[in-house]
Amino acid sequence: MLKRSKALLVLVVFLLVFAPLSALADTEKSKTVNYVALGDSLAAGVLSDNKLGTGYVDIITEELKALGYEVNLKNAGVPGAQSPDVLQALGEIEELANADIITISVGANDALAGLDASLLVGLDPKYLDPANVAILQGELESQFATAQQLLENVGTAAENTSITILDSQSKLELIKDNLKIVLSEDDYTSLVDTWHQVVVHTLTAKNIVADLGALPSLEKLEQALSELENAIGKLIVIQTLLESSELLDTELHEALSSVDNSIAETLEAVNNFIMAQAKATETKNKFEDTIAKLTQLNEMKLEIEDNIKNVGLNMGAILTTLVTVNPNAEIYVMGYYNALPGLPEAVIIPLLTGLNTAIETATSAVGATFIPTFAAFDGKYAEYLPNPANIHPSEAGYEAIAGEFMKVISEVFPGVEDGPQPIELGAEITVEKGQVLQITGTTANVVLPEDLPEGTTLTVSADEEALAKADGLKAIGDVLNFTFSFPAGLEDYEGEFQLVMGYSGNASDDVNIYYFNEETGTWEIQNGQVNTELRLISLTVSHFSTYGVFEAVVEEPEEETPIEPEEPEEGENPGENEEEQPATTDPDNNENDDDSNKQPTNDGETLPNTATSNYNMLVLGGILLLIGLSALIIQKKRVKLHM
């Protein structure tokens, strides 16, 4: 992985070297993010208590700032806005043309405009399945059949009661004369009247039952019950009177008991029928209410589905307009969570899925990014939607929404790279792998290795003692001692450090970074890469001690005084004792132009043409080094970010 990263880094550096410098200057612009938020009350930040608070737009803004960006926010969210409102308002938002990020949350109000929640209140979700409705209808039919059978039992019981009454009356006729003798006139008259009332009440109940029909009214049933209860009451009076007169023999007692039992059976039959009819009526009302709600619900769903189609069309128009106005903006469109978890999922989830599908389809068509939020809320409704009567989230809910946005936004906007870490001279600080250190008050920077042991400390100080030993060298930059302290057991650590040091003034061509060899007490040139335009020298080192920027001091050669030749003595040949003089070079003679060791003359003659492109290459190398260093910093930061 490290080798691949380095190879990529080299490629990036190569490309950047040949890019216009103006393009490099544009990197400063990336530190500023222009953010425009469009949408409804969610974009505006309405909370579950209907008050404005910290919404997902505000949280995204703070997250971007935490990544090092300066954010210019234009929040155009409007509570209650529908997709046509957002589309119409686009022309009034000037910030869209320069936006780097655009977020959109709109469409729910369009769909909810056709939602009548009252249709879903009290509706058993199982009846949304037609099979369960058919089962309910079957139960209703069965209950009415049972009630009808019980009604027939009532009629049979009433008929039997009337027969029993007539039989008992004949037995009373047989003892009428005895009753007159035994009973007082008043008691006898009371007995006759009471028996007459029993007969009337019983026959009245029978007639009522006979006229009930297939679906008798509760009022008539209660009237029949009342007549039967009155008949039983009167019968008890007769039995008591006869028992007191000792005229209630076994046969008469059985006859009256038969009347009593018959009336009681009729009374029970009526009660059973009333209960069965009540149950059937309840089922009937439930069935009819369910069918009515399902019919209205189906009409509502058709209306909402039409609204969702319009949301898809409007969203497509919104996104097309945005891409036309600003083709470079990153556009993120929010999908909706279940804002009505208290309503039957069998109704809400299909509608919500349809809405999100319409939004996502329009989003994908223009290459924008769809941000789903349904899963983020699922199972956390009590925390994220604390008010069951309100579709707006709590701040925790908005944080969840913003988190879904930032998962994607952070990939495109990973953060602004921090500058070098400053370190004061003489201060000991703990340093970390991959860090870039800037020595305060100097032009020196150090890039630390990726495998630097944890717990390493560094102290940087000016080294005047070593500077005093720089014989034949002129300091034109900083002279610094770097003292690293590594953790126990890693004292001999050596890594790949990058050292960059600057210099001032018009230095000679032999300016470079020198290393002070403490064993020999001398400075040794390190042959770093020199950038004469930026006046920077870079060097890769495996360990640190004292480094400085010097140029060699060139001593001017002493001018020699010409020696006059002596007159030859007698007998001597001219030139016999003369020292051999170096041959002069004819400036017009090009025979030895290729001699690279030719020295310049001191007599004003023209020097040979010794021009070279080496210095241009040094400049190019310096630029490569600096850009590579910058790219390395970016790479290290990205590695940290993904960790």
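The values are calculated or read from the model by the stated rules, or taken from the named source; none is laboratory data. Not measured: the values here are computed from a predicted model. Virtual Cβ from ideal backbone geometry, glycine too; neighbours counted across all protein chains shown. Note: areas computed on protein heavy atoms with side chains; ligands, DNA, RNA excluded. Shrake-Rupley method; radii C 1.70, N 1.55, O 1.52, S 1.80 Å.
Here Val412, Val408 are screened, and the one residue that is open to solvent by 60 Å² or more (accessible area, probe 1.4 Å) and touching a strand residue (DSSP E or B) at 6+ places or on another chain (Cβ under 8 Å) is Val412.
Restricting the first residue to the stretch 258-269 and requiring it to be surrounded by 22 or more Cβ atoms within 10 Å (Cβ to Cβ), which pairs with a second residue that is in a helix (DSSP H, G or I) and of a type in the set (Lys, Arg) meet a Cβ separation below 9 Å and a spacing of at least six or different chains? Pairs that qualify, where the first residue is surrounded by 22 or more Cβ atoms within 10 Å (Cβ to Cβ) and the partner is in a helix (DSSP H, G or I) and of a type in the set (Lys, Arg), are Thr266/Lys206.
Just a yes or no: is a residue in the stretch 97-112 farther than 17 Å from Lys279 by Cα and open to solvent by 70 Å² or more (accessible area, probe 1.4 Å)? So far as the stretch 97-112 goes, yes, one or more of its residues are farther than 17 Å from Lys279 by Cα and open to solvent by 70 Å² or more (accessible area, probe 1.4 Å). Go through the stretch 440-470 and give me each residue that's touching a residue at least 40 places away in the same chain (Cβ under 8 Å), open to solvent by 50 Å² or more (accessible area, probe 1.4 Å) and farther than 23 Å from Leu626 by Cα. Of everything in the stretch 440-470, those that are touching a residue at least 40 places away in the same chain (Cβ under 8 Å), open to solvent by 50 Å² or more (accessible area, probe 1.4 Å) and farther than 23 Å from Leu626 by Cα turn out to be Leu467, Lys469. The residue that is farthest from Val36 (Cα to Cα), among those in the stretch 290-305 that are touching a residue at least 60 places away in the same chain (Cβ under 8 Å) and open to solvent by 50 Å² or more (accessible area, probe 1.4 Å), is Ile291.
Residue check: is Thr363 open to solvent by 20 Å² or more (accessible area, probe 1.4 Å), modelled with pLDDT of 90 or more and under 30 Å from Tyr35 (Cβ atoms)?
So Thr363 fails the test.
Among the residues of the stretch 482-513, those that are outside any loop (DSSP other than H, G, I, E, B) and either among the β-branched types (Val, Ile, Thr) or surrounded by fewer than 17 Cβ atoms within 10 Å (Cβ to Cβ) (or both) comprise Thr483, Ser485, Val500, Ile513.
Of the helices (runs of 4 or more DSSP H) lying entirely inside the stretch 70-175, those carrying at least 2 residues that are over 29 Å from Asn307 (Cβ atoms), of a type in the set (Gly, Ala, Ser) and modelled with pLDDT of 75 or more are 130-174. The set of residues in the stretch 134-162 that are in contact (Cβ under 8 Å) with a residue 60 or more places away in the chain and of a type outside the set (S, T, N, Q) comprises Leu136, Glu139, Leu140, Phe144, Ala147, Leu150, Leu151, Val154, Ala157, Ala158. Can you list the helices (runs of 4 or more DSSP H) lying wholly within the stretch 334-422 that have 3 or more residues being in contact (Cβ under 8 Å) with a residue 24 or more places away in the chain and touching a Gly at 6+ places or on another chain (Cβ under 6 Å)? Hits in the stretch 334-422: 345-365. Looking only at the stretch 52-79, residues that are open to solvent by 70 Å² or more (accessible area, probe 1.4 Å) and touching an Asp or Glu at 6+ places or on another chain (Cβ under 8 Å) come to 4 in all. Within the stretch 176-185, the set of residues being of a type in the set (Asp, Glu) and either in contact with a Gly (Cβ under 8 Å, 6 or more places away or on another chain) or at pLDDT below 75 (or both) comprises Asp177 only. The listed residues are Gln143, Gln88, Gln148, Gln82, and the only one of them that is touching a Ser or Thr at 6+ places or on another chain (Cβ under 9 Å), open to solvent by 20 Å² or more (accessible area, probe 1.4 Å) and not β-branched (Val, Ile, Thr) turns out to be Gln143.
Applying a threshold of 6 Å to beta carbon distances and a minimum spacing of six or more residues, or different chains, the list of pairs starting in the stretch 524-535 at a residue that is at pLDDT below 90 and ending at one that is aromatic (Phe, Trp, Tyr) reads Arg535/Tyr503. For the stretch 200-214, filtered to residues that are out of contact with any Ser or Thr (no Cβ under 9 Å at 6 or more places or on another chain) and of a type in the set (A, V, I, L, M, F, W, C), the residue that is modelled with the lowest pLDDT is Ala214.
Restricting attention to the stretch 514-538, the residues that are assigned to a loop (DSSP other than H, G, I, E, B) and open to solvent by less than 30 Å² (accessible area, probe 1.4 Å) add up to 2.
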